[in-house]
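Notes to accompany the following structure.
The values are calculated or read from the model by the stated rules, or taken from the named source; none is laboratory data. Since the model is a prediction, treat every value here as computed from it, not as a measurement. Heads up, the Cβs are rebuilt from the backbone with ideal geometry, glycines too, and the neighbour counts pull from every protein chain shown.
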Amino acid sequence: MATVAAVIASTHHPFFYRASTSTGADRPPFADEWVAKIGAFRETLTRARPDVLVMVGSDHFHQIWLDNMPQFLVGKAPAYDGNFYNEEREFGLPRMFVPGHEELSGYLLRQGLDAGFDLAFSNELRIDHSITCPLITLRPETDLPIVPVYTNIFAPPMPQPKRFVQLGQAIRELVESWPSEQRVAIIGTGHLSLELGGPRQFGPHGPDPEFDRKAVEWIASGDLDSALAGVSLDSLWEPGNATHGFMDFMLMMGVAGRNVKADYTDSLDLFHTMEAYFTWYPAGVAK
Amino acid sequence: MSKYLVNKFLYTVDRDPVLVERYRADPRGTVAWWEAEQANLILNCHSGERSTWLAFTGAERDALASHDYVALFGLGAHNFLTLTLFIALFERDYEEPLAFQREYAARLGHWTVPYPDIST
């Protein structure tokens, strides 16, 4: 059976690429510290020696639209192009190309459907910055095949937070039951408190530092019960109007397991939002 | 009330560099053309396939035609779509990084949670 070599959860800040590649007067004052933190975080994936990456993210109205909106979708394609014109325009992100792992996509779809998750699928998916940003931070070589998993954290009505957790638990079980000798890293990105297009956007910190402090504690300690008790679809509007992206962190807590402490935790208080990085190494996995 | 159609306008303009410039230069004309010619196209279908019922309310049409992102927020347009498109339209007019985004926030400063519902 396949091995889950690492479970990784983080924010996906679209400005990292530009900040880390800028020079001279264009280089923001926080860039060096940010690059150093990303370098250490990247090492947590490298040392797990993965063969395949399952990547959980959320399309930001790039390919997926309100006329046909899946709640959970698995990409099943031999390759994925990455980033869209308006992400190049706003964030300076590069066009990318990533190989796909169709066999594992097919396995997750078939077994996921049979386990009670009515997963949508896509045979031609262009991945956006929710997946390309963690590739840039964690595996910029983009040499490993991926299985993209998209969630709807963006367009109400959305699934309940507990459903994200359940899907994360199912993804963990399914990967561990995949008849393969490959080492799989499961990587997902979301948000802490975040405001986009509202009065609290682009402040000196995230819009709700107290929520961020609690959220980092929940994730780092694997405290799924407190996270589930502490948030609801309604309450997630309060820390910031884009904070439903926290449900992707909850999905990753489901992957990591109830009350399983992260082996690596780091954060960076940036303007606009707090960055947070977590890695778990499943017990007994050689690394 | 046609939040979906307002979002469809923001979405289809934001993804097209020619339309972004056209909307910046001539908002009222672009909105009129788009509502007449584009609003009922079913995206990802054969170009002959159209809906028959989609139209803006007067308030929605006016908000889009006057680049009024504060009014769009009040109408429940999707916050991400509005922000992204308006950054593309106006960030270039500001010298300081993020100056437009901060002005955008300040102009919405009279709002507190709960914000207008963005559900469609």
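Here are some notes:
- Note on the range B:14-120: enclosed helices (runs of 4 or more DSSP H) holding 2 or more residues that are touching a residue at least 40 places away in the same chain (Cβ under 8 Å) and within 11 Å of chain A (Cβ to nearest Cβ) are B:69-75, B:79-90.
- Some residue of the range A:44-64 being in a helix (DSSP H, G or I) and either basic (Lys, Arg) or surrounded by fewer than 21 Cβ atoms within 10 Å (Cβ to Cβ) (or both): yes
- A:Pro99 away from chain B (no Cβ under 14 Å), out of contact with any helix residue (DSSP H, G or I) (no Cβ under 8 Å at 6 or more places or on another chain), in a loop (DSSP other than H, G, I, E, B) and at pLDDT 95 or above: no
- Pair list, Cβ < 9 Å and 6+ apart or interchain, from the range A:74-92 residues that are within 13 Å of another protein chain (Cβ to nearest Cβ) to residues that are among the small types (Gly, Ala, Ser): A:Asn86/B:Ala88; A:Arg89/B:Ala88; A:Glu90/B:Ala88; A:Gly92/A:Ser22
- Matching residues, the range B:46-63, being out of contact with any strand residue (DSSP E or B) (no Cβ under 9 Å at 6 or more places or on another chain) and either aliphatic (A, V, I, L, M) or exposed (fewer than 13 other Cβ atoms within 10 Å of the Cβ) (or both): B:His46, B:Gly48, B:Thr52, B:Trp53, B:Leu54, B:Ala55, B:Gly58, B:Ala59, B:Ala63
To keep it simple, each residue is scored yes or no on (1) among the hydroxyl-bearing types (Ser, Thr, Tyr); (2) out of contact with any strand residue (DSSP E or B) (no Cβ under 7 Å at 6 or more places or on another chain); (3) at pLDDT 95 or above; (4) farther than 16 Å from A:Phe16 by Cβ.
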| position | (1), (2), (3), (4) |
| --- | --- |
| A:Ala31 | no, yes, yes, no |
| A:Val56 | no, no, yes, yes |
| A:Phe61 | no, yes, yes, yes |
| A:Gly75 | no, no, yes, yes |
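- Residue that is more than 21 Å from A:Thr46 (Cβ to Cβ), surrounded by fewer than 19 Cβ atoms within 10 Å (Cβ to Cβ) and among the aliphatic types (A, V, I, L, M), where the choices are A:Leu113, A:Leu125, A:Leu174, A:Leu108: A:Leu113
- Scanning the range A:263-287 for residues that are surrounded by fewer than 17 Cβ atoms within 10 Å (Cβ to Cβ), part of a loop (DSSP other than H, G, I, E, B) and on the phi < 0 side of the Ramachandran plot yields A:Asp263, A:Phe271, A:Ala283, A:Val285, A:Ala286, A:Lys287.
- Single condition B:Ala36 does not satisfy, out of (1) farther than 23 Å from A:Tyr85 by Cα; (2) modelled with pLDDT under 95: (2)
- Number of the condition not met by A:Asp248 [criteria: (1) buried (at least 22 other Cβ atoms within 10 Å of the Cβ); (2) under 16 Å from A:Arg163 (Cβ atoms); (3) over 17 Å from the mean Cα position of the chain (by Cα)]: (3)
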